[in-house]
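Chemist: Just passing along the structure, written as structure tokens.
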Amino acid sequence: MNNIEQIRDLDDEIFEEFKIYSNKVLSSKFCSSFPSTVQLSNSFTISTDFIKNSIFDCSETDDFFGVKILFRSLIEHYLRFSFIWFIWMKTKSDYEAKRYLDFTHAREVLDTIKAEIDSYKLSNPDFKIDNWNQLLSQIPSCKNLSKKEIEEETLKYTYKNIIKLLKEIDQGKKDTTLFGSLIKEYSKLSSFVHGGSNCHDELLTFDNEEERQQEYTRICSLSFQLAGTVKLFSLLMFVQTDREDFENSYLSIDQIIKKV
């Protein structure tokens, strides 16, 4: 792939195909049978598209840190979607997707409460919650869930445990596949998110504009593939119940992704 403009052109082709099939999703048999899976599929389709587009924009404005930080975020969104996709392909059930939605939302509520408590304790250091379960029972998304249950269940949705499950797909090929390269890149990119010294060293390494443009093209190409694969894998689920509505879009997007 020669430049970002060509990558954008291919991405526009995928978007045109997306417009053809996206309106059929909510009325599909698949959605009726697996509503939580569809909700997550749609959510990650949207989020990966927004992040990918921002990576394109940052690349064109020579925003090195923006590209790197956004790419790390895109990798995690992609891997989380892959986790949902892999479980559905394995179980053909909506159960795990629903639990993912319920517990990750409850965990975010719990973490928000903890942050508020930490902030409040700056001026009131002796403050504490006497009964967490009673507090959580008053919050609709946490009703009937204990603090311990939320914390233990959401451990399976940590990055580390998602990777552990996804390794089942690669089985000994982790150093040669896209999955393996993403794991290594995700770790390397943490320096850009957390302000490590390696990110500043890498910026100096790419002080040459031509080399920096090559790096932008590499990341834009991968971003295009990740966002496109979220759509492709979603369609792979949809065709299990609605082949006539989604098979052509699956085949079209598969061919477009292969052009990179």
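The values are calculated or read from the model by the stated rules, or taken from the named source; none is laboratory data. In this text the structure is predicted, and so the values were computed from the model without any measurement. Neighbour counts are summed over all protein chains in view; Cβ atoms, including those assigned to glycine, are modelled from backbone coordinates with ideal geometry.
Chemist: Among the candidates Gln240, Gln214, Gln255, single out the residue that is within 27 Å of Lys29 (Cβ to Cβ) and surrounded by fewer than 15 Cβ atoms within 10 Å (Cβ to Cβ).
Modeler: On the way: Gln240 fails: surrounded by fewer than 15 Cβ atoms within 10 Å (Cβ to Cβ); Gln214 fails: within 27 Å of Lys29 (Cβ to Cβ).
The unique qualifying residue is Gln255.
Chemist: Hey, another quick one. Output yes when any residue across the stretch 16-25 is over 18 Å from the mean Cα position of the chain (by Cα), in a helix (DSSP H, G or I) and of a type in the set (Val, Ile, Thr), and no when none is.
Modeler: yes
Chemist: Answer yes or no: is there a residue in the stretch 143-165 that is exposed (fewer than 15 other Cβ atoms within 10 Å of the Cβ) and in contact with a Ser or Thr (Cβ under 6 Å, 6 or more places away or on another chain).
Modeler: Within the stretch 143-165, one or more residues are exposed (fewer than 15 other Cβ atoms within 10 Å of the Cβ) and in contact with a Ser or Thr (Cβ under 6 Å, 6 or more places away or on another chain).
Chemist: OK, next. At negative phi, assigned to a loop (DSSP other than H, G, I, E, B) and more than 18 Å from the chain's Cα centre (by Cα): is that true of Thr217 in this structure?
Modeler: No: the conditions fail for Thr217.
Chemist: Out of Leu122, Leu204, I need the residue that is without any contact (Cβ under 8 Å) to a residue 60 or more places away in the chain and either in a loop (DSSP other than H, G, I, E, B) or touching a Pro at 6+ places or on another chain (Cβ under 7 Å) (or both). Which one? It would help to see each step written out before you state the result.
Modeler: Values: Leu204 fails: either in a loop (DSSP other than H, G, I, E, B) or touching a Pro at 6+ places or on another chain (Cβ under 7 Å) (or both).
Of Leu122, Leu204, the one residue that is without any contact (Cβ under 8 Å) to a residue 60 or more places away in the chain and either in a loop (DSSP other than H, G, I, E, B) or touching a Pro at 6+ places or on another chain (Cβ under 7 Å) (or both) is Leu122.
Chemist: Every residue in the stretch 184-216 that is hydroxyl-bearing (Ser, Thr, Tyr) and touching an Asp or Glu at 6+ places or on another chain (Cβ under 9 Å), please. Write out each step before concluding.
Modeler: Looking only at the stretch 184-216, we keep the residues that are hydroxyl-bearing (Ser, Thr, Tyr), and these are 186-187, 190-191, 197, 205, 216.
Residues satisfying the conditions are Tyr186, Ser191, Thr205, Tyr216.
Rundown of residues vs (1) in contact with a helix residue (DSSP H, G or I) (Cβ under 6 Å, 6 or more places away or on another chain); (2) modelled with pLDDT under 95, yes/no style:
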site: Glu168; (1), (2): no, yes
site: Asn198; (1), (2): yes, no
site: Arg212; (1), (2): no, no
site: Arg218; (1), (2): no, no
site: Ile253; (1), (2): yes, no
site: Ile257; (1), (2): yes, no
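Chemist: Take the residues in the stretch 26-57 that are without any contact (Cβ under 8 Å) to a residue 12 or more places away in the chain and assigned to a helix (DSSP H, G or I); name whichever of them is farthest from Ile253 (Cα to Cα). Please lay out each step first, then the result.
Modeler: Within the stretch 26-57, the first condition is being without any contact (Cβ under 8 Å) to a residue 12 or more places away in the chain, and the residues that meet it are 27, 31-32, 43, 46, 50, 53, 57.
With the extra rule that they be assigned to a helix (DSSP H, G or I), the set shrinks to 31-32, 43, 46, 50, 53, 57.
Working: Cys31: 21, Ser32: 24, Ser43: 19, Ile46: 16, Phe50: 18, Asn53: 18, Asp57: 23 Å.
Ranking the candidates gives Ser32 first.
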